[in-house]
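What follows is calculated from the coordinates using simple rules that are stated; it is not laboratory data. Not measured: the values here are computed from a predicted model. FYI the Cβ positions are ideal-geometry reconstructions off the backbone, even for glycines, and counts take in every protein chain you see.
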């Protein structure tokens, strides 16, 4: 059974690229557009990993991740952001890793595989 990844990304092109790349690596994907959908979907289904954009409209990825952890989730969360490393310094410990856009998807999914396998 393939590992399941929840992707939260408000930019349609980025969401589609992440989804396509993840599918090509054999992962099962559910993609949502914001932190609220991330939380709702993570309650409805089991996932092995979450990849979230940090800056999204209704609820950002950092806040959604914080809520997941307060609910007892131990699912690894990877953040992707256009923010600079200096801007993410205070929140870096909330995530397994933070990737800065433009993101090298090969590196990202090599890390994903090291966390959860295939």
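The table below lists the values:
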read-out: Output for region 74-101, where each listed residue is within 18 Å of residue 8 (Cα to Cα) and surrounded by fewer than 11 Cβ atoms within 10 Å (Cβ to Cβ); value: 74
read-out: The listed residue being more than 11 Å from the chain's Cα centre (by Cα) and within 21 Å of residue 21 (Cα to Cα), out of 53, 86, 107, 93; value: 107
read-out: Complete set of residues in region 27-39 that are surrounded by fewer than 19 Cβ atoms within 10 Å (Cβ to Cβ) and either in contact (Cβ under 8 Å) with a residue 40 or more places away in the chain or out of contact with any strand residue (DSSP E or B) (no Cβ under 8 Å at 6 or more places or on another chain) (or both); value: 36
read-out: When residues of region 1-44 are limited to those that are in a loop (DSSP other than H, G, I, E, B) and under 12 Å from the mean Cα position of the chain (by Cα), the one nearest to residue 108 (Cα to Cα); value: 9
read-out: Test for residue 17: is it in contact (Cβ under 8 Å) with a residue 60 or more places away in the chain and surrounded by fewer than 17 Cβ atoms within 10 Å (Cβ to Cβ); value: yes
read-out: Given (1) free of Cβ contacts under 8 Å to residues at least 24 places away in the same chain; (2) in a loop (DSSP other than H, G, I, E, B); (3) within 13 Å of the chain's Cα centre (by Cα), index of the condition residue 75 fails; value: (1)
read-out: Residues that are more than 11 Å from residue 8 (Cα to Cα), touching a helix residue (DSSP H, G or I) at 6+ places or on another chain (Cβ under 7 Å) and free of Cβ contacts under 8 Å to residues at least 60 places away in the same chain, drawn from region 43-64; value: 58, 62, 63
